[in-house]
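Written out below as structure tokens is the structure these notes cover.
What follows is calculated from the coordinates using simple rules that are stated; it is not laboratory data. Quick caveat, the model's predicted, so the values are computed rather than measured. Please note: Cβ atoms are built from the backbone with ideal geometry, for glycine as well, and neighbour counts cover all protein chains shown.
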Amino acid sequence: MSDYVFKPPYSGGCACGAIRYELLDAPKTVYLCHCTECRRMTTSAFGISIPVDRQYLHFFQGELRTIERKADSGRSVVGRFCGDCGTRIIHEPPHAADMVILRGGTLDDPSWVFPAGNVWTKSALPWAQIDQSLLNYEAQSPGLDDLSARWHEMLEARLSA
Ligand SMILES: [Zn+2]
Ligand SMILES: [Zn+2]
């Protein structure tokens with residue numbers, strides 16, 4: 001039996017506790033983003049990006065503030081963050097109204113999170129370890145279908161191991 005457990009809902013929130021949410025069901029996928037915005041936003045080497053159906057993400061405490069800026073892809077990205085402590089919670093991609101990208105570092109228990117791939121590897125820090133067995137892209141991935149299929153395959157494998 002594997003030790004892997006996937007049992008939503010999963011709770012999360014910002015650093016100061018003003019914003020709280022629940023993730024009610026499985027995400028579309030999980031990938032690591034090495035773009036310069038994720039680096040600045042996380043103040044670390046890369047971001048954990050978790051695209052989810054908007055209906056699966058339930059905010060039950062706090063008021064999100066908004067920042068809009070250009071991403072490395074040139075697209076304009078809306079970010080929502082805690083106005084008190086500044087923790088970025090979600091991104092809203094302009095092309096998909098029913099999807100938000102949850103920032104994985106905000107989960108209380110990220111033990112179930114594993115990446116299906118890496119994006120923006122061309123701007124990864126030289127020492128960042130890119131797992132070559134994953135789906136990796138030098139820049140933005142062309143859509144999320146492949147990353148989504150791979151993540152759900154990997155989830156099935158973990159659950160049945
Ligand atoms: Zn906060
Ligand atoms: Zn990024």
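Scanning segment 41-60 for residues that are away from ligand 1 (no atom under 16 Å from the Cβ), surrounded by 15 or more Cβ atoms within 10 Å (Cβ to Cβ) and either at positive phi or assigned to a helix (DSSP H, G or I) (or both) yields a count of 1. Does segment 120-161 hold any residues that are hydrophobic (A, V, I, L, M, F, W, C), in a loop (DSSP other than H, G, I, E, B) and closer than 27 Å to R40 by Cα, and which are they? Within segment 120-161, W120, A124, L125, W127, A128, I130, L134, A139, L144 qualify.
Of a type in the set (G, A, S), free of Cβ contacts under 8 Å to residues at least 12 places away in the same chain and closer than 23 Å to D146 by Cα, is that true of G74? So G74 passes the test.
Selection of segment 1-51 for residues being of a type in the set (F, W, Y) and farther than 20 Å from G117 by Cα yields Y10, Y21. Scanning segment 68-91 for residues that are of a type outside the set (A, V, I, L, M, F, W, C) and assigned to a strand (DSSP E or B) gives E68, R69, K70, S76, G79, R80, R88, H91. Every condition in (1) more than 24 Å from A18 (Cβ to Cβ); (2) without any contact (Cβ under 8 Å) to a residue 40 or more places away in the chain holds for R69 except the one numbered (1). For segment 13-40, the set of residues classified as under 16 Å from D53 (Cβ atoms) and either within 16 Å of ligand 1 (Cβ to nearest atom) or of a type in the set (K, R) (or both) consists of Y21, K28, listed by residue number. Take the residues in segment 7-40 that are closer than 18 Å to C82 by Cβ and within 12 Å of ligand 2 (Cβ to nearest atom); name whichever of them is surrounded by the most Cβ atoms within 10 Å (Cβ to Cβ). So, considering only residues that are closer than 18 Å to C82 by Cβ and within 12 Å of ligand 2 (Cβ to nearest atom), the one surrounded by the most Cβ atoms within 10 Å (Cβ to Cβ) is C38.
The residue that is farthest from ligand 2 (Cβ to nearest atom), among those in segment 97-145 that are free of Cβ contacts under 8 Å to residues at least 12 places away in the same chain and closer than 14 Å to K28 by Cβ, is D145.
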